[in-house]
Amino acid sequence: MTLLVAGSLLAGCSAQTDDEASRQSGSPPARTSPSAEATPSGGSSAGTSVVTPDASIVPLTSKDGRRMAESVVLAPRGWGRGFVAQDPGESTPGTWAVLNESCRWQREKLPHGVLASASRYSRLPVGGGKGAVKVTAVATVHASVLGADEQLSTTLEEVLRCPEQRPRSDERITGLMSLGTPFGAREQEYADDSVLEAGEYVGNGGAAQPYRWMVARLGTVVVAVSVTGAKGNTAQELEQLGSKALAQMLTRTEQRLKGK
């Protein structure tokens, strides 16, 4: 599966964005509960899909949703050689991240319509003259395609309310910009809908570092990755790392929706 990252388009993008509560030391969350009035990102349609799923396999219960999410979300080894789990390494079952009224991320109980959500937090330790890279992989399974579609819409809308967000009291995500790209737009052919966010992460009084959050939907499943760099890591390297990870989760999702 080929994943095209529209990073170069963000510079001219006027829309802005957000992301993850439990963002463990720069690692973001699953998404906040979508509003009923949310409109599809960039004009996507919840009635069409890149994948034709096996109806007998599409998750309909929380148990099936958890099985799907946990089989799709990347563990440290999925990111590549040298990656290890952060502490904690996973989110609390039955929860997802919500951006509150104070623009702070917190984990809350899954809302109605969301079957399951799983986040795993990994890092690549300091080495080779570069600082540590912190990453998050998230898979969220909805009860309906519309609910999954609205999650991406909400992703685009949240940053308008909170252009600066706080994963923790001593961490900030700033300068966020976002770009929504539905299937067929700008040669995007890997997902039913996608959103790319770019900004800077500042933690513990340190210098600002590149931050990327990539989200994509296939049917009722939304997958996402965040990548936070450190000294010596370029934005291009982070985008390539995130793109590869997201592509892996999309491939896994497609295979499971088809019963492979």
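The values are calculated or read from the model by the stated rules, or taken from the named source; none is laboratory data. All figures in this text were calculated on a predicted structure; none of them were measured in a lab. Note: ideal-geometry Cβ built from the backbone for every residue, glycine included; neighbour counts use all protein chains shown.
Considering (1) in a loop (DSSP other than H, G, I, E, B); (2) surrounded by fewer than 19 Cβ atoms within 10 Å (Cβ to Cβ), the lone condition that R77 does not fulfil carries the number (1). Is one or more of the residues making up segment 230-249 touching a Ser or Thr at 6+ places or on another chain (Cβ under 7 Å), of a type in the set (G, A, S) and on the phi < 0 side of the Ramachandran plot? Checking segment 230-249: not a single residue is touching a Ser or Thr at 6+ places or on another chain (Cβ under 7 Å), of a type in the set (G, A, S) and on the phi < 0 side of the Ramachandran plot. Is there a residue being acidic (D, E), surrounded by 18 or more Cβ atoms within 10 Å (Cβ to Cβ), touching a residue at least 40 places away in the same chain (Cβ under 8 Å) and part of a strand (DSSP E or B) anywhere in segment 134-152? Checked segment 134-152: no residue is acidic (D, E), surrounded by 18 or more Cβ atoms within 10 Å (Cβ to Cβ), touching a residue at least 40 places away in the same chain (Cβ under 8 Å) and part of a strand (DSSP E or B). In segment 137-192, what count of residues is obtained for those that are within 26 Å of G80 (Cβ to Cβ), out of contact with any Phe, Trp or Tyr (no Cβ under 6 Å at 6 or more places or on another chain) and among the β-branched types (V, I, T)? The qualifying residues number 5.
Considering segment 119-176, the residues that are within 30 Å of S56 (Cβ to Cβ) and among the small types (G, A, S) include one that is modelled with the lowest pLDDT, namely S153.
For V114, state whether it is of a type in the set (V, I, T), in contact (Cβ under 8 Å) with a residue 24 or more places away in the chain and surrounded by 19 or more Cβ atoms within 10 Å (Cβ to Cβ).
yes
Considering segment 87-109, and only residues there that are out of contact with any helix residue (DSSP H, G or I) (no Cβ under 8 Å at 6 or more places or on another chain) and part of a loop (DSSP other than H, G, I, E, B), the residue that is surrounded by the fewest Cβ atoms within 10 Å (Cβ to Cβ) turns out to be E101. Candidates in segment 178-202 are the residues that are surrounded by fewer than 20 Cβ atoms within 10 Å (Cβ to Cβ) and touching a Gly at 6+ places or on another chain (Cβ under 7 Å); of these, the one that is nearest to E254 (Cα to Cα) is A185. Search segment 179-193 for residues being in contact with an Asp or Glu (Cβ under 7 Å, 6 or more places away or on another chain) and modelled with pLDDT under 85, and hand back the single one that is farthest from E164 (Cα to Cα). The extreme case among them is F183.
Looking at segment 158-175, is at least one residue of a type in the set (S, T, N, Q), surrounded by 19 or more Cβ atoms within 10 Å (Cβ to Cβ) and within 30 Å of V51 (Cβ to Cβ)? No, segment 158-175 contains no residue that is of a type in the set (S, T, N, Q), surrounded by 19 or more Cβ atoms within 10 Å (Cβ to Cβ) and within 30 Å of V51 (Cβ to Cβ). Taking the criterion of being surrounded by fewer than 24 Cβ atoms within 10 Å (Cβ to Cβ), assigned to a helix (DSSP H, G or I) and in contact (Cβ under 8 Å) with a residue 60 or more places away in the chain, the residues of segment 250-260 that qualify are L250, T251, R252, E254, R256, L257.
When segment 195-219 is filtered for residues that are out of contact with any Pro (no Cβ under 7 Å at 6 or more places or on another chain), at pLDDT 90 or above and more than 19 Å from A235 (Cα to Cα), the ones remaining, listed by number, are A216, R217, L218.
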